[in-house]
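**Student:** What follows is a structure written as structure tokens; I'll ask about it next.
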Amino acid sequence: MSLWDKIKGEFIDIIQWTDDTQDTMVYRFERYGNQIKNGAQLTVRESQVAVFVNEGQIADVFQPGMYTLSTENMPILSTLKGWKYGFNSPFVAEVYFVNTKRFTDLKWGTMNPIMMRDQDFGIVRVRAFGSYTISVKDASLFLKNVVGTDGEFTKDEIVGQIRNVIVSKFSDVLGNAKIPVLDLAGKYGEMGNFLVEQVQPSVDEYGLQLHQMLIENISLPPEVEEAIDKRSSMGAVGNLDNYMKFQAAQGIGQGGGTMSDMMGAGMGMVMAQNMANQMNQGGGGAAAAPPPIPQESSYHVAVNGAQTGPFTVSQLTQQAASGQLTRESLVWKQGMAAWTTAGEVPELSSVFGSVPPPLPPQ
């Protein structure tokens, strides 16, 4: 270093931070042992805030702009240092640059499934994930409550805590909304906006602003999704009898070899038999076939929060006799709107007919 550079370095200092990263939220300016001089040049770029810290105490905060440091624009630090009439000597202070830009596409998701009641599928487990956007809105509070003395604070050091807050609030919102699972996909935007309102008070104490919450997907267990696919397939087929007749007619019409002929002949026999049955039922032939034997109703039973069954009424009678099934047990079958205690289901009144009531307290 030349003599002129050494003399110049004793009288002026340039304080600035050019961020060459994408994830740094706070950077402590390093002066390599030089003290800050009177008249030092401070440059604060857009999406930055400069915070001066004196002996562990937050002092002056500078918004975007270029400053020549003096007692006029450092009132708090001047008071702490006792500069009543200005200063000429160098001083020591820590300078933290806080990045106030928006950090986007931060991920959140449920590590474990969330249990919920659904009017269509009963008790189900759901998972969810998405993204969110945050920024620093109070640099002093963020330094005080989150960063501390960290010289280079990145977003990875805070996103884990915010993710935990989001998942906790999401569980509450999902449980209280009582929206059927099949209707959740149409509520992503509405639920995302509501989550912002619910999460913001928790991140206020960090000095952060939550700008946007996106729900990308709410998924069900594979076995439930498979059941939904089967139900959709049955709906697409429509009338199963007409579908089978159409398939049989196609097989007969296409021909195509011995195997096809055999399949066509077999399907033709099925069609002929169906037509004969329909004629007999219409009164033009033999007596109509008897109706099918009525099937005994079956119920699912909730045991320790899990769905069991289905069990026939006879099996439920045996469970009631052994004490496994009580009047307070939750039961459900196809056609019921919700899970109901067994004692409130008229069809199950006979199940408890032979079970004595509990003994009165002595």
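**Student:** Please give me the summed charge of the neighbours of LEU330: other residues whose Cβ is under 13 Å from its Cβ, Lys and Arg +1, Asp and Glu -1.
**Tutor:** Neighbourhood net charge equals +1.
**Student:** What nm value, rounded to one decimal, do you get for the distance between ALA227 and ASN304 when each label is placed 7 Å out toward the C-beta?
**Tutor:** If labels sit at ALA227 and ASN304, their model points lie 2.0 nm apart.
**Student:** May I pose another question? Note down the net charge around VAL199, summing +1 for each Lys or Arg and -1 for each Asp or Glu among other residues with Cβ under 13 Å from its Cβ.
**Tutor:** Taking every Cβ under 13 Å from that of VAL199, the sum is -2.
**Student:** In terms of modelled amide H atoms, which long-range or inter-chain residues lie less than 5 Å from the amide H of ASP118?
**Tutor:** Here the answer is ILE123, VAL124, since their amide H atoms fall under 5 Å of that of ASP118.
**Student:** Tell me, in nm to one decimal, what length is gained between GLU197 and GLU344 on full extension, where the rule is 0.36 nm per residue of separation less the Cα-Cα distance?
**Tutor:** Stretched fully, the GLU197-GLU344 segment lengthens by 48.9 nm.
**Student:** Tell me, what is the FRET efficiency for ARG127 and THR43 to the nearest 0.05, using R0 = 35 angstrom and their Cβ-Cβ distance as r?
**Tutor:** Using R0 = 35 Å, I get an efficiency of 0.15.
**Student:** Quick one: net charge of GLU344's neighbours, Cβ under 11 Å, K/R +1, D/E -1?
**Tutor:** -1
**Student:** Oh, and also: Can you tell me the order of 167-175, 138-146 when each peptide is scored by its average per-residue count of other Cβ atoms within 10 angstrom, highest first?
**Tutor:** 138-146, 167-175
**Student:** Would you please state which residues of region 90-133 a label at GLU216 would reach in this model, taking the label point 7 Å out along Cα→Cβ and a backbone N cut-off of under 17 Å?
**Tutor:** Of the residues in region 90-133, 103-112, 127-133 have backbone N under 17 Å from the label point off GLU216.
**Student:** Now a separate question. In whole Å, what three semi-axes, largest first, describe the equivalent ellipsoid of region 16-120 built from its Cα gyration tensor (square root of 5 times each eigenvalue)?
**Tutor:** 41, 16, 12
**Student:** Turning to a different aspect of this structure: Taking amide H atoms as placed 1.01 Å from N in the peptide plane, list the residues 5 or more away in sequence, or in a different chain, whose amide H sits under 5 Å from that of ASP60.
**Tutor:** PHE52, LEU77
**Student:** Could you list, bin by bin from short to long, the percent of Cα-Cα pairs of region 298-348 in 10 Å steps?
**Tutor:** 27, 65, 8
**Student:** For a quick check: with amide H placed at 1.01 Å from N, whose amide H comes under 5 Å from THR71's, ignoring anything fewer than 5 positions away on the same chain?
**Tutor:** Here PHE87 satisfy the definition.
**Student:** Sorted by average packing, counted as other Cβ atoms within 10 angstrom per residue and highest first, what order do 16-24, 72-80 take?
**Tutor:** 72-80, 16-24
**Student:** Contour minus end-to-end for LYS101 and ALA337, with contour as 0.36 nm per residue of separation and end-to-end as the Cα-Cα distance?
**Tutor:** Between LYS101 and ALA337, full extension yields 80.0 nm more.
FYI, it's all coordinate maths here, none of it is from the lab. Quick caveat: nothing in here was measured; it's all calculated off a predicted structure. For neighbour counting, all protein chains shown are included, and Cβ atoms are generated from backbone atoms with ideal geometry for every residue, glycine included.
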